[in-house]
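Here's the structure we're looking at; comments come further down.
The values are calculated or read from the model by the stated rules, or taken from the named source; none is laboratory data. Remember, predicted model here, so these are calculated numbers, not experimental data. When we count neighbours, we look across all protein chains shown, and the Cβ atoms used for this are built from the backbone with ideal geometry, even at glycine.
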Amino acid sequence: MYISGISDIGAMRKLNQDNYYTKMITDKIALGVVCDGMGGANGGCEASAIAIFEFSDCLREALRHFIDESGEFMPTMSDARMRRIMTQGINRANDAVYKRAKENEELSGMGTTLVCTVCTPERIYCMNVGDSRMYSADADSITRVTKDHSYVQYLVDSGAISKEEAENHPQKNIITRAIGTQESVEGEFFVLESANKGKYIMLCSDGLTNFVKEDIIHEILISDNSDDEKIKKLVDTANSNGGGDNITVVLTSLD
């Protein structure tokens, strides 16, 4: 198993408001997090940085109690327990960002998306808030696992617009859920089996998916390049297609 990440300012922005975190908890357990900040230049940067720190610190501390001497999770680590741990991390990140915004008027309204994954040889866990995404890919296909918490996704779900219309909708960047904008927030939890080799788990901010189509992402992920070369290629492709936003990618290879 291998995890790597990259974040780029993009071709049009003056600041990078994205943040990411990667950690091999053991050689069999990988933790990845991506946050995309919002709320003015300073607010977006601070919100994503606070959320990354608080969430990753919370998960590292909680997960270590459920790892055995072989570096794997103990039988006591259930899907329900992982959901509680990730929810605790979301709550801690939300409280910290919300509190900081209340302390400083210049940061009022700041917030951030958050998408995270814990990958093991048997299970892949994910939780998201906002429109940063997780994808699962293998040699045959790529699948978006998460569902955007956005106004445009609401329109798609209600049948008001098609998925194709959503891609270029003028309000596609309006999100309906974020870390730190309200006193509380609910993350959405996902579980996948990870038994097959050659599988990739990718986290990303919308700076990637707004500028690179999913079929092109898939082509890059299954190429013969190294994982580090793949994520750099993804960023370069987004920039060559306009690079209108910060671009962040975290990739876990399950081989």
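Below are the figures for this structure:
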quantity	calculated
Pick from the range 168-183, criterion touching a residue at least 60 places away in the same chain (Cβ under 8 Å) and assigned to a loop (DSSP other than H, G, I, E, B), ranking: surrounded by the most Cβ atoms within 10 Å (Cβ to Cβ)	Gly180
Members of the range 126-183 found to be under 15 Å from Asn210 (Cα atoms) and in contact with a His (Cβ under 7 Å, 6 or more places away or on another chain), listed by number	Gly130, Asp131, Val152, Ile175
Subset of the range 106-161 that is closer than 15 Å to Ile201 by Cβ and basic (Lys, Arg) - its residue that is surrounded by the fewest Cβ atoms within 10 Å (Cβ to Cβ)	Arg144
Number of positions in the range 191-210 that are modelled with pLDDT of 95 or more and assigned to a loop (DSSP other than H, G, I, E, B)	1
One residue from Glu165, Glu229, Glu219, Glu186 being within 24 Å of Met38 (Cβ to Cβ), surrounded by fewer than 20 Cβ atoms within 10 Å (Cβ to Cβ) and modelled with pLDDT of 85 or more	Glu186
Cβ pairs under 8 Å, 6+ apart, first in the range 53-64 and at pLDDT 95 or above and surrounded by 14 or more Cβ atoms within 10 Å (Cβ to Cβ), second in a helix (DSSP H, G or I) and of a type in the set (S, T, N, Q)	Cys58/Gln88; Ala62/Gln88
Members of the range 198-255 found to be touching a residue at least 24 places away in the same chain (Cβ under 8 Å), more than 21 Å from Thr113 (Cβ to Cβ) and acidic (Asp, Glu), listed by number	Asp215, Asp227, Asp228, Asp255
Any strands (runs of 3 or more DSSP E) falling wholly within the range 56-166 and containing at least 3 residues that are within 22 Å of Thr181 (Cα to Cα) and within 22 Å of the chain's Cα centre (by Cα)	114-119, 123-129
Selected residue (only one of Gly109, Gly89 is at positive phi and not basic (Lys, Arg))	Gly109
